[in-house]
Amino acid sequence: MTLTHSTDPSHAFVDRAPAHEVTWVDPVTGAHGYLVVHTLVCGIATGGTRMRPGCTRDEVADLARGMATKTAAFGLPVGGAKGGIDFDPKDPRAFGVLSRFFDAMRPWLDGHWVTAEDLGVTQQLIDDVFEEIGLSQSFHAAITRSPDPEATLERVHAGLAVMTDGLPLGDIIGGYGVAQACLGVAEGFDWAVPETEVTIQGIGTMGGGAAWYLHEAGARVTAIADARGTLVDPAGLDIPTLLDLRDQYGEIDRSRVPSHVQQLDRDAILQITADVFVPAAVSYAIREDNVEGVAARVVVEAANAATTWGAEDTLTARGIPVVPDFIANTGAAAWAWWLLQGQVGTDPQDSFRRLSTEMRSKVAVLARAWRQEGTPMRDTAFALAATNLRLLEGAQIVIP
């Protein structure tokens with residue numbers, strides 16, 4: 001294991017070097033894992049852990065930077081970090097790899113790093129691994145700062161146990177936030193919601209939740225894509241039915257898809273005309289080599305780092321704004337922190353109302369700056385995050 005430490009004092013956190021980095025090699029499988037802590041605020045950072053073949057240090061560092069920007073953009077009193085492991089989550093050895101990784105990261109998990117689910121790693125899997133290595137919950141580093149950790153843990157468990165729409169609130173709140181970002185775009189551009197067409201790449205936890213709540217709101221989800229391909233219905237897909245056909249990997253059983261639904265290859269999703277395109281599958285889904293095919297009027301990033309910066313420059317030049325990931329997909333992280341601090345409880349409607357208000361107000365600011373001044377949405381969001389971070393540095397975390 002190697003450790004490097006940067007003391008860059010700049011407040012321009014978008015460009016600053018990570019505060020801490022840890023590189024790990026699994027002694028059993030040889031898999032490489034990485035922890036990148038981009039910023040510490042109040043001595044703590046938050047960010048999920050992902051597992052996928054080909055995961056790199058640079059990817060994790062990029063995601064950690066994004067997480068730092070997310071927490072700052074939403075004014076959360078916590079820095080940003082990310083964990084990542086280069087390993088196939090479908091491999092039967094994955095549980096052991098994740099257990100050994102978290103055990104090696106124990107000093108960080110004990111005092112400074114709050115982690116959660118991410119690509120290839122469910123929250124249930126994280127909870128099972130934490131139990132295996134003797135930690136109470138993945139909020140452990142924050143809970144121990146409470147004057148009454150047992151009461152705080154009990155409150156957090158109660159919040160995480162809340163069910164709504166047949167699923168744990170914590171599993172769907174992120175997708176709900178993405179849906180609210182899309183609806184905020186419709187408001188910001190004066191589009192009637194029933195006439196707003198949305199296409200979504202990826203229908204796992206984030207993309208599936210977004211599809212569900214957009215459908216509920218009356219927007220037309222005309223195309224969705226999973227690893228097997230793209231499903232299209234210009235009149236609007238029957239989202240509840242299709243989501244019921246998913247397997248554990250977020251892939252739809254094609255043998256049960258209605259015959260009137262057109263089936264295309266998975267990359268076709270980018271080229272389907274829509275008001276909003278939501279990349280919710282993998283990082284760097286929109287790149288320099290495919291950006292010219294994007295046919296939506298607005299991109300709302302549900303996946304972390306869904307658009308490369310070069311591709312986003314091209315979209316901006318074409319008049320296609322991008323709602324950045326550190327705004328659109330921050331719902332789950334913000335909700336978890338509100339729950340931890342006792343700002344939301346066991347009534348899911350309280351959580352939905354707060355997230356809707358916060359998300360739509362931020363998207364409104366981005367849309368207004370784009371429409372009035374032509375300012376890229378990412379630039380406006382970075383300015384918001386930088387202002388908040390300056391206010392947060394030196395603050396004290398309060399966990400009742």
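The values are calculated or read from the model by the stated rules, or taken from the named source; none is laboratory data. Quick caveat: nothing in here was measured; it's all calculated off a predicted structure. Positions of Cβ are backbone-derived with ideal geometry, glycine not excepted, and every protein chain shown enters the neighbour counts. Only protein heavy atoms, including side chains, enter the accessible area calculation; ligands, DNA and RNA are left aside. Shrake-Rupley method; radii C 1.70, N 1.55, O 1.52, S 1.80 Å.
For the stretch 243-301, what does the relative contact order come out to in percent, with C-alpha contacts under 8 Å and a separation of six or more?
That works out to 32 percent.
Rg and Dmax, both from the Cα atoms of the stretch 68-129 and both in Å, are 13.0, 39.
In units of the rule-of-thumb radius 2.2 N^0.38 Å, the stretch 284-400 shows an alpha carbon radius of gyration of 1.21. In units of the rule-of-thumb radius 2.2 N^0.38 Å, the stretch 155-300 shows an alpha carbon radius of gyration of 1.02. Taken per residue, the accessible surface of the stretch 104-217 reaches 38 Å², heavy atoms only and a 1.4 Å probe. Of the trypsin sites (Lys or Arg not before Pro) found in the stretch 200-264, the ones in coil according to DSSP and having at most 16 other Cβ atoms within 10 Å of their Cβ are 228. When the solvent-accessible area of the chain is split by element, carbon and sulfur atoms take up 51 percent of it, the probe being 1.4 Å. Dividing the mean sequence gap of close Cα pairs (under 8 Å, 6+ apart) by how many residues the chain holds gives a relative contact order of 17 percent. With all protein chains kept in place, the per residue accessible area of the stretch 281-327 amounts to 34 square angstrom at a probe of 1.4 angstrom. The three principal axes of the Cα atoms in the stretch 61-189 give end-to-end lengths of 49, 39, 33 Å, sorted in falling order. With bins 20 Å wide beginning at 0, the percent of Cα pairs of the chain falling in each bin runs 29, 61, 11.
Measuring nothing but how far apart in sequence close Cα pairs (under 8 Å, 6+ apart) lie, relative to its length, the stretch 144-294 scores a relative contact order of 22 percent.
For the chain, the Cβ-based charge dipole about the Cα centre amounts to some 580 debye (Lys, Arg positive; Asp, Glu negative; other atoms uncharged). Legend: helices of the chain (whole DSSP H runs) are marked when their alpha-carbon atoms reach 20 angstrom or more along the helix axis and their mean Kyte-Doolittle hydropathy is at least -0.5; marked are 57-73, 169-188, 377-392. When every Cα-Cα distance of the stretch 338-388 is counted in 10 angstrom steps from zero, the calculated P(r) takes the values 23, 38, 27, 12, 0 percent.
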